[in-house]
Amino acid sequence: MDKKFYKNNRKRLFELLPDKCVAVVSSGYSVNRSADEDYDFTANNNFFYLTGIKQAEVHLILIKDGENKSEKLYIDAFDEMYAKWIGHKLTKKEASDICGIAQKDIFYKAAYEKDLDALIKEYKTVYIDLEKGKNVNYNSFGLTLAQKLVANDVKDIYPLVIKLRSAKQNAEIELFKEAIDVTKEGINELMRHAKPGMYEYQLEAYYNFSIKQNGNREFAFKTIAASGKNATTLHYSTNDCVMQDGDLILFDLGARAGGYCADISRTFPINGKFNELQKTIYNIVLAANKRIIKIAKAGMTIAELQAACVESLTQDCLKAGLIKKAEDIKKYYFHGVSHSIGLDTHDPIDRNAPLPVGAVISDEPGLYFPEYNIGVRIEDDLLLLKSKAVNLSEDIIKEVDDIEAFMSAK
């Protein structure tokens, strides 16, 4: 992504901030895993959206004072021993080339605390990223800083950045397309190599290899490879069972490009041929998937899309005799049809607000019948325009005939 993208994101954020305030956003901590090993570092995505920088413990400060809008970045100074043992850290020039902040406004981290102390004395309103994790013990630079600012008016910058992130720009959409194209090739490899008797993780390995072969791509999330009854568990992820002849396998997976996630689900027969019951259930899910593509557009809410999905699944399941009364659909469909996608696979968004032009959302109806060992989910990624949705993943096959034809030719 060009540095102009990040400069523009900061400019747009300045427009949302009130006058006479300071905003602080940090990339995050490295987290120790065990002994001298750390978990792989992932930058705070709000920070990344504003800077493009992925390095740990980097701080961005924005100051708005009338017509004066200034920005400061704080990075680690060069450490020769760290470079020899772990690797290179950004220089001021390299950081400037990525984020577009002038080198004169990039400082070493040793100056961060002193500069921040002076700013919070001058500006009483301080915006901090107060995103909280599910773990009650979760902490961050923002939460730690907020505890110190008892004399300031502390505001949460999180919803402001999320508002910007919810509508994707052209450069972001191109990265979505790239991630989806790579994911498509991985799915094709899965269908080419599927056969009964393999472990789920053995088949998954073909996808993993394809993703790495196509540019050493990162994974958007942990792959779900769920065969037979395992596919009726929504977030099954152990991927360690033997795939049986006659079963379906559900894959929920995605690659990243430039940080942006593809989120795709496909379900196909391990032996390459759907039986009649599998085909019936699959086509009911596919009809709901197509229904959402047809009606989705900017201005709708996720709740409206969910209602349309439930109606489609319910009516078709009643017609097929899979349920006896409408309320029974809750037993076999128990998740939402859609969520926002972006730098996070489940990108934060106000689920009750109308979706903006440029939103990228999932379309993922499913049906899960443990009594038949059948779980089906079909998921595409949609770009919402003013009057329609564009299916960014339309080239990934999903018709029964197309899947069977592709798998018979492997």
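The values are calculated or read from the model by the stated rules, or taken from the named source; none is laboratory data. Everything quoted here is computed from the prediction, not taken from an experiment. When we count neighbours, we look across all protein chains shown, and the Cβ atoms used for this are built from the backbone with ideal geometry, even at glycine. Areas reflect the complete protein model, heavy atoms only, side chains present, ligands, DNA and RNA absent. Shrake-Rupley method; radii C 1.70, N 1.55, O 1.52, S 1.80 Å.
Entry for the chain at q = 0.06, 0.07, 0.08, 0.13 Å⁻¹: log10 I(q)/I(0) = -0.29, -0.39, -0.51, -1.12, Debye formula applied to identical alpha-carbon scatterers, no solvent contribution.
In a DSSP loop and with at most 13 other Cβ atoms within 10 Å, the trypsin sites (Lys or Arg not before Pro) in region 335-404 are LYS386.
Does region 183-235 come out rounded, prolate or oblate, given a ≥ b ≥ c as the square roots of the eigenvalues of its C-alpha gyration tensor, rounded meaning a/c under 1.5 and, failing that, prolate meaning a/b above b/c? Oblate.
Restriction of the chymotrypsin sites (Phe, Trp or Tyr not before Pro) in region 52-114 to DSSP coil positions whose beta-carbon has at most 16 other beta-carbons within 10 angstrom yields PHE78.
Taking every protein chain into account, the accessible area of the chain amounts to 47 square angstrom per residue (probe 1.4 Å). Normalised size of region 274-351, defined as Cα radius of gyration per 2.2 N^0.38 Å with N residues, equals 1.21.
Shown for region 349-409: the carbon plus sulfur share of the solvent-accessible area, taken with all protein chains present and a 1.4 angstrom probe, equals 49%.
Take the Cβ atoms of GLU371 and LYS69, set R0 to 56 Å, and the FRET efficiency comes out at 0.35. Loop-located GluC sites (Glu not before Pro) in region 1-88 (DSSP state not H, G, I, E or B) with no more than 14 neighbouring Cβ atoms inside 10 Å: GLU67. Could you tell me which of rounded, prolate or oblate describes region 150-229, using a ≥ b ≥ c as the square roots of the eigenvalues of the alpha-carbon gyration tensor, with rounded for a/c under 1.5 and, failing that, prolate when a/b is larger than b/c and oblate otherwise? It is prolate, given that a/c is not under 1.5 and a/b is the larger ratio. Note on the chain: with charges restricted to the Cβ of Lys and Arg (+1) and Asp and Glu (-1), its dipole about the Cα centre is near 800 debye.
Surface composition of region 181-265: carbon and sulfur make up 46 percent of the accessible area, probe 1.4 Å. Debye-formula intensities of region 287-397, expressed as log10 I(q)/I(0) at q = 0.12, 0.15, 0.17, 0.20 Å⁻¹, are -0.42, -0.64, -0.80, -1.03 (one equal scatterer per alpha-carbon, no solvent). Taking the protein heavy atoms of region 9-80 in the context of the full set of protein chains, the accessible area attributed to carbon and sulfur is 43 percent at 1.4 Å. Semi-axes of the equivalent ellipsoid of region 7-91 are 30, 14, 10 Å, computed as sqrt(5λ) over the eigenvalues of the C-alpha gyration tensor in descending order. With a cut-off of 14 Å between beta carbons, the residues surrounding SER166 carry a summed charge of +1, where Lys and Arg count +1 and Asp and Glu -1. Residues considered: ALA296, ALA95, ALA359. Largest GNM mean-square fluctuation over the chain, using C-alpha springs under 10 Å, is found at ALA95.
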